[in-house]
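Notes for the one structure printed next.
The values are calculated or read from the model by the stated rules, or taken from the named source; none is laboratory data. In this text, all values refer to a predicted model and were calculated from it rather than measured experimentally. Quick reminder, even Gly has a Cβ in these numbers, built from the backbone with ideal geometry, and neighbours come from all protein chains shown.
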Amino acid sequence: MSPDKKMIAFVRKGNNLIPNECDAFTEAEYGNQIWVYEIESKKEKLLVKGNLKCDEPEKQIIDPSHLLFSPDNQTLYFMTSAWVTSGALHAVKIGSAKQNYIVPANEFEVISNGQYKGYLIVYQHRYFVGGGTYDWYWLISPNGREEGPLGEEITEIQRKYIELET
């Protein structure tokens, strides 16, 4: 549900069968879609169609999940399957249905208050320069710019500073 309680975002099963080459990272059989239901008008609106570009993980939309609105109700963020080690975080503008890829992500939260209101906390799988990997939380701007690392976990001090709801 949107922060202003006027819209509900949901996933609906699409009509396009997912090709076998896309099937490696999802249990979905069909490319799913994202819809918004406007409570006052009782109308539904298609926001995101399935995109079966299996060779382009940043554009591929087959199994959207974890739908979260921005604090201003103008943007809907969502996750999709993308790579073996990471999903992809996307955003769609509610008014125009303009969609874009943000960053690789395995989890995310939208900051709802304070100095970083509207920013994202994203859990990412990353690679060390000399080899090896690590998973950390990062502060990311709404347009995908990395603001800085938060670490392996979000501490209570960090939660208070960035005013995350607990």
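Looking only at residues of the stretch 131-166 that are among the hydroxyl-bearing types (Ser, Thr, Tyr) and not in a helix (DSSP H, G or I), we find that the one that is modelled with the highest pLDDT is 141.
Scanning the stretch 86-95 for residues that are surrounded by 14 or more Cβ atoms within 10 Å (Cβ to Cβ) and either of a type in the set (Asp, Glu) or part of a loop (DSSP other than H, G, I, E, B) (or both) turns up 86, 94. Of all residue pairs spaced 6 or more apart or on separate chains, those with beta-carbon atoms under 9 Å, a first member in the stretch 96-108 that is in a strand (DSSP E or B) and a second member that is among the charged types (D, E, K, R) and surrounded by fewer than 18 Cβ atoms within 10 Å (Cβ to Cβ) are 99/93; 100/93; 101/58; 101/59; 103/146; 104/58; 104/126.
Looking across the stretch 55-78, just one residue is of a type in the set (A, V, I, L, M), at pLDDT 90 or above and buried (at least 22 other Cβ atoms within 10 Å of the Cβ), and that is 76. Summed over the stretch 75-95, the residues that are in contact (Cβ under 8 Å) with a residue 24 or more places away in the chain, in contact with a His (Cβ under 9 Å, 6 or more places away or on another chain) and closer than 11 Å to residue 62 by Cα give a count of 1. Does residue 21 satisfy being modelled with pLDDT under 95, more than 23 Å from residue 6 (Cβ to Cβ) and outside any loop (DSSP other than H, G, I, E, B)? So residue 21 passes the test. Of everything listed in (1) under 30 Å from residue 19 (Cβ atoms); (2) surrounded by fewer than 16 Cβ atoms within 10 Å (Cβ to Cβ), the single unmet condition for residue 101 is (2).
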